[in-house]
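The values are calculated or read from the model by the stated rules, or taken from the named source; none is laboratory data. All of these numbers come straight from a predicted model, not from anything done at the bench. Heads up, the Cβs are rebuilt from the backbone with ideal geometry, glycines too, and the neighbour counts pull from every protein chain shown. Accessible surface is based on the protein model in full, side chains and every heavy atom, while ligands, DNA and RNA are left aside. Shrake-Rupley method; radii C 1.70, N 1.55, O 1.52, S 1.80 Å.
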Amino acid sequence: MGLEQINKRNELITQWVLEAGKTIKDSFEKSIQVEEKSNRNDLVTEMDKKTEEMLIKNIRQHFPDERIFAEESDNEEIKDLNGVVWIIDPIDGTLNFVKQQNDFAVMVAVYEDGIGQMAYIYDVMKDELYSAIKGQGASCNGQRIDTVQDLPLKDGLVAISSLLLSGKNEAVRQVARKSNGVRMIGSAGLETLYVSTGRLVAYIAASLAPWDIAAGKLIAEEVGLVYTQANGEKIDLLKKNPVVVATPAAHQEIIQHLTEKES
């Protein structure tokens, strides 16, 4: 993508994401219709669907030849990431949205031939829009985010998904014990942002879908973090992944713990 095209897209996506956030906030004045997907903790609301529909409509109007990979769509035609693919999570942290009306985000990423080019995570209730353009660093509300300090595991907090902590994964428990402490937010995007801004040294998740990963991965990498599967291999954006995103020092320690226990 050329600079002019990137600037045009950046302006449009920023506008769309902020509009989506306003619509979501306005929905709090009405009753929210909630449905279960795979279980009682995996929810979808009418606002997830409406937000996704709005974003897809805008993308198709301006970029009709580009493909869309979105959480509430069937995505059957997405067999590869060739060309330009938009990856959307309309509300990341739906359980938080329903139960707390806080700690959720709108996430949009633009990938080209499998490589992240543009990423947006909007923390709706804090009115903080984090974004990144490949090779240009990351920012929050237009203010550049510094490269993160490369702290080891012992010097920071970690976020670990409840699914991992509630299981019998001794390697994950050992990682938790070696850190300063564990925090859980319930939004993959926000937990990735907390690592990207130095509030955590790592985030470990049992299974994240492509739309949970796409935007945060680019933002994380633009500030110097390492974002891989739990065995250290590259992320596969066509399937769910166990994820570790961390400072380089903490990432090396965590992967070593997780892979040692597997072998």
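For every residue, the table says whether it meets (1) within 21 Å of Lys8 (Cα to Cα); (2) of a type outside the set (A, V, I, L, M); (3) out of contact with any Ser or Thr (no Cβ under 9 Å at 6 or more places or on another chain); (4) surrounded by fewer than 19 Cβ atoms within 10 Å (Cβ to Cβ).
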{"site": "Met125", "(1), (2), (3), (4)": "no, no, yes, yes"}
{"site": "Ser139", "(1), (2), (3), (4)": "yes, yes, no, yes"}
{"site": "Ile145", "(1), (2), (3), (4)": "no, no, no, no"}
{"site": "Gln149", "(1), (2), (3), (4)": "no, yes, no, yes"}
{"site": "Asp155", "(1), (2), (3), (4)": "no, yes, no, yes"}
{"site": "Val182", "(1), (2), (3), (4)": "no, no, yes, yes"}
{"site": "Gly186", "(1), (2), (3), (4)": "no, yes, no, no"}
{"site": "Ser207", "(1), (2), (3), (4)": "no, yes, no, yes"}
{"site": "Lys217", "(1), (2), (3), (4)": "no, yes, no, no"}
Would you mind finding the one in Asp65, Asp113 that is open to solvent by 70 Å² or more (accessible area, probe 1.4 Å), at positive phi, among the charged types (D, E, K, R) and out of contact with any helix residue (DSSP H, G or I) (no Cβ under 7 Å at 6 or more places or on another chain)? Asp113
Go through segment 236-248 and count every residue that is open to solvent by 20 Å² or more (accessible area, probe 1.4 Å) and in a strand (DSSP E or B). 1
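Any residue at all in segment 214-223 that's at pLDDT 95 or above and part of a loop (DSSP other than H, G, I, E, B)?
Yes, because at least one residue in segment 214-223 is at pLDDT 95 or above and part of a loop (DSSP other than H, G, I, E, B).
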With the structure loaded, tell me whether Ser196 is polar (S, T, N, Q) and open to solvent by less than 10 Å² (accessible area, probe 1.4 Å) or whether it fails that test. yes
Restricting to segment 1-21, name every residue that is modelled with pLDDT under 95 and either in a helix (DSSP H, G or I) or in contact with a helix residue (DSSP H, G or I) (Cβ under 6 Å, 6 or more places away or on another chain) (or both). Leu3, Glu4, Gln5, Ile6, Asn7, Lys8
Find the residue count for segment 68-110, including only residues that are under 16 Å from Leu208 (Cβ atoms) and open to solvent by 30 Å² or more (accessible area, probe 1.4 Å). 2
So, in segment 171-212, exactly how many residues are at negative phi and not in a loop (DSSP other than H, G, I, E, B)? 29
Which residue out of Glu260, Glu253, Glu221, Glu233 is open to solvent by 40 Å² or more (accessible area, probe 1.4 Å), among the acidic types (Asp, Glu) and within 16 Å of the chain's Cα centre (by Cα)? Glu221
Would you please list the contacts, defined by Cβ atoms under 8 Å and residues six or more apart or on different chains, that run from a residue in segment 241-261 that is farther than 12 Å from Asn231 by Cβ to a residue that is of a type in the set (Lys, Arg)? Val245/Lys217; Glu253/Lys178
